[in-house]
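The values are calculated or read from the model by the stated rules, or taken from the named source; none is laboratory data. Bear in mind the structure is a predicted one, so any value in this text is a computation, not a measurement. All Cβ positions, glycine included, derive from the backbone under ideal geometry; neighbour counts span all protein chains shown.
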2 protein chains.
Amino acid sequence: MNVERLRNTNYGPAEAFAYFTEACETVQLSEAMLDRCIPGELHRSHFYIVNHLVRKGDGQTPLQITSAMHVTKATVSNSLAVLEKRGFIETRPSATDARSKQVFLTESGREFQKQAIGTLTRLFGSFLREEDYRIMGEALPSLVTIRKLLHRNSNATPD
Amino acid sequence: MNVERLRNTNYGPAEAFAYFTEACETVQLSEAMLDRCIPGELHRSHFYIVNHLVRKGDGQTPLQITSAMHVTKATVSNSLAVLEKRGFIETRPSATDARSKQVFLTESGREFQKQAIGTLTRLFGSFLREEDYRIMGEALPSLVTIRKLLHRNSNATPD
DNA sequence: GACATGTAGTATGATATCGAACTAATTAAC
DNA sequence: GTTAATTAGTTCGATATCATACTACATGTC
């Protein structure tokens, strides 16, 4: 077993910390880019909700959105109020459960999402090269594996 | 050129979006774990500042912390006030610039950081296996490459 | 040296987010 | 069937964060 092999197999908690630190930095930087693609009076979180509804489909309940966004019910409640006031969504009471609502996108909301995605795609496209897409594509399976691992253990408690 | 090769070289914006989405999910989940390792009356951001001072050294100015944390001056100003009230840091006016301060950790602050890191390490250690450390270690160079790429282009503007 | 410009930190008002308490409706237990 | 427990959503108070404006000091220009 030579030195090279030793080094390559000697992974531990240090790599885990480095991994999460890098992921954190990456997210901060990419969020900053996203922010620049969203009109000033709107927040990233509003985009996330609209984007989620476009991708996963209309008619979701606030609670479903809550778990998709990893935020509290109160936060979603507030965000939906903002989005409704801006005319990006409409809500209707659920037909089967009088406690519940359903959230629907308006044309304006879909337009907002399309605009933001377009701008973001152009922004990324302005500096991402084939080589970069390849690096991301090849790292993706690892990211997915670790993300799923965290998800499976998201109820783990210290001690 | 067979199908396998075609598939493997056909990377584009879709991979970029997936990459950032996965990174975002990963960060949210790992932050949730960190939150569980920090006493209830303190915030993750307070830990980040103390951790930064332990790792990069005492005596930094608020402005230096500002750029390291990727937050505004006002945010750091507020966070430092909290940390000073809790007795985790002390501030002294700079000897060479009367506008500036320097931030120093107290023993209590160092203890807080050590505790949190220890708890977090144990929490991660409770479900991360050798295989997982390896996956993270091997993905690390890609994460670093993309993070640096984002950093270099962090001034890019949408059109 | 006087004055304009720039920089470090703070103050203020707004918003996103959270935790906890609350209301209303559903479901389960008996 | 009545009561208890659960669930969906809102309200409220607190805090982190931001953008903007402000103060005090520093530095460059003439």
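For the range A:58-76, name all the residues that are small (Gly, Ala, Ser), over 21 Å from B:Cys24 (Cβ atoms) and surrounded by 12 or more Cβ atoms within 10 Å (Cβ to Cβ). Listed by number, the list holds a single entry, A:Gly59. Evaluating A:Met69 against the criteria (1) within 14 Å of DNA strand D (Cβ to nearest atom); (2) touching a residue at least 40 places away in the same chain (Cβ under 8 Å); (3) under 29 Å from B:Phe127 (Cβ atoms) leaves one unmet condition, (2).
One residue stands out among those in the range A:92-101 that are part of a strand (DSSP E or B) and more than 7 Å from DNA strand D (Cβ to nearest atom): the one that is nearest to A:Val50 (Cα to Cα), which is A:Arg92. Scanning the range A:90-113 for residues that are away from DNA strand C (no atom under 14 Å from the Cβ) and free of Cβ contacts under 8 Å to residues at least 40 places away in the same chain yields A:Glu90, A:Thr91, A:Arg92, A:Thr106, A:Glu107, A:Ser108, A:Glu111. The set of residues from the range A:111-159 being in a helix (DSSP H, G or I), within 8 Å of chain B (Cβ to nearest Cβ) and of a type in the set (A, V, I, L, M, F, W, C) comprises A:Leu120, A:Leu123, A:Phe124, A:Ile135, A:Met136, A:Ala139, A:Leu140, A:Leu143, A:Val144, A:Ile146, A:Leu149, A:Leu150.
The residues of the range A:72-87 that are assigned to a loop (DSSP other than H, G, I, E, B), free of Cβ contacts under 8 Å to residues at least 24 places away in the same chain and over 20 Å from A:Ser154 (Cβ atoms) amount to a single one, A:Gly87. In the condition set (1) more than 7 Å from chain B (Cβ to nearest Cβ); (2) at pLDDT below 95, A:Tyr48 is compliant with all but (2). A count restricted to the range A:25-50 and to residues that are within 16 Å of DNA strand C (Cβ to nearest atom) and either in a helix (DSSP H, G or I) or among the small types (Gly, Ala, Ser) (or both) stands at 15. Does A:Arg55 satisfy being within 12 Å of DNA strand C (Cβ to nearest atom), farther than 22 Å from A:Leu29 by Cβ and modelled with pLDDT of 95 or more? Judged against the criteria, A:Arg55 is not a match. Could you check the range B:8-60 and list, in sequence order, the residues that are touching a residue at least 12 places away in the same chain (Cβ under 8 Å) and at positive phi? Listed by number, the list holds a single entry, B:Gly59. Answer with yes or no whether A:Glu107 is modelled with pLDDT of 95 or more, touching a helix residue (DSSP H, G or I) at 6+ places or on another chain (Cβ under 9 Å) and more than 26 Å from B:Tyr19 (Cα to Cα). Spelling it out, it is not the case that A:Glu107 is modelled with pLDDT of 95 or more, touching a helix residue (DSSP H, G or I) at 6+ places or on another chain (Cβ under 9 Å) and more than 26 Å from B:Tyr19 (Cα to Cα). When the range B:58-89 is filtered for residues that are more than 13 Å from DNA strand C (Cβ to nearest atom) and closer than 16 Å to B:Arg110 by Cα, the ones remaining, listed by number, are B:Asp58, B:Arg86, B:Gly87, B:Phe88.
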